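Please read the structure below before turning to the comments.
The values are calculated or read from the model by the stated rules, or taken from the named source; none is laboratory data. Owing to the predicted nature of the structure, the values given are computational and were not obtained by experimental measurement. Positions of Cβ are generated from backbone atoms using ideal geometry, with glycine treated the same way; all protein chains shown enter the neighbour counts.
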Amino acid sequence: MFGRLGFWELAVIVILALIIFGPKKLPEIGKALGRGIREFRDATTKMADELNSLDEPVRESQAKKESAPGAAAAAAAAPGGSTAAPAAEAEETAGAPAVTESRATTSDES
């Protein structure tokens with residue numbers, strides 16, 4: 001419905017803008033609108049870059065997890081071989097916060 005504006009629709013919009021704002025104010029409004037669009041585009045680009053940089057460690061750890069089961073299975077199949085998977089898991093979870101479950105007791109349960 002609003003996707004295609006023809007020549008006459010745009011002409012009516014421009015004439016209305018000239019009548020409402022006047023010829024002196026219209027360039028200032030255009031500059032402000034352009035500046036706002038540019039700032040919005042820069043902010044969204046910056047946010048996308050930050051999200052991608054935060055996503056990199058997750059992708060790296062997933063790649064390690066995908067490659068670790070194959071290496072652990074090969075090491076476990078070898079006679080007298082040791083597996084490095086527990087050390088890798090401990091290294092990955094070293095920075096993660098500990099999750100504990102607690103059960104609240106009430107006076108009704110005693």
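A few remarks follow.
- Cβ-Cβ distances below 9 Å connect the following pairs, each with a first residue in region 36-64 that is assigned to a helix (DSSP H, G or I), a second residue that is acidic (Asp, Glu) and surrounded by 10 or more Cβ atoms within 10 Å (Cβ to Cβ), and a separation of six or more residues or different chains: Ser61/Glu92; Lys64/Glu92.
- Some residue of region 37-50 being loosely packed, with under 11 Cβ neighbours inside 10 Å, modelled with pLDDT under 85 and either of a type in the set (D, E, K, R) or under 29 Å from the mean Cα position of the chain (by Cα) (or both): no
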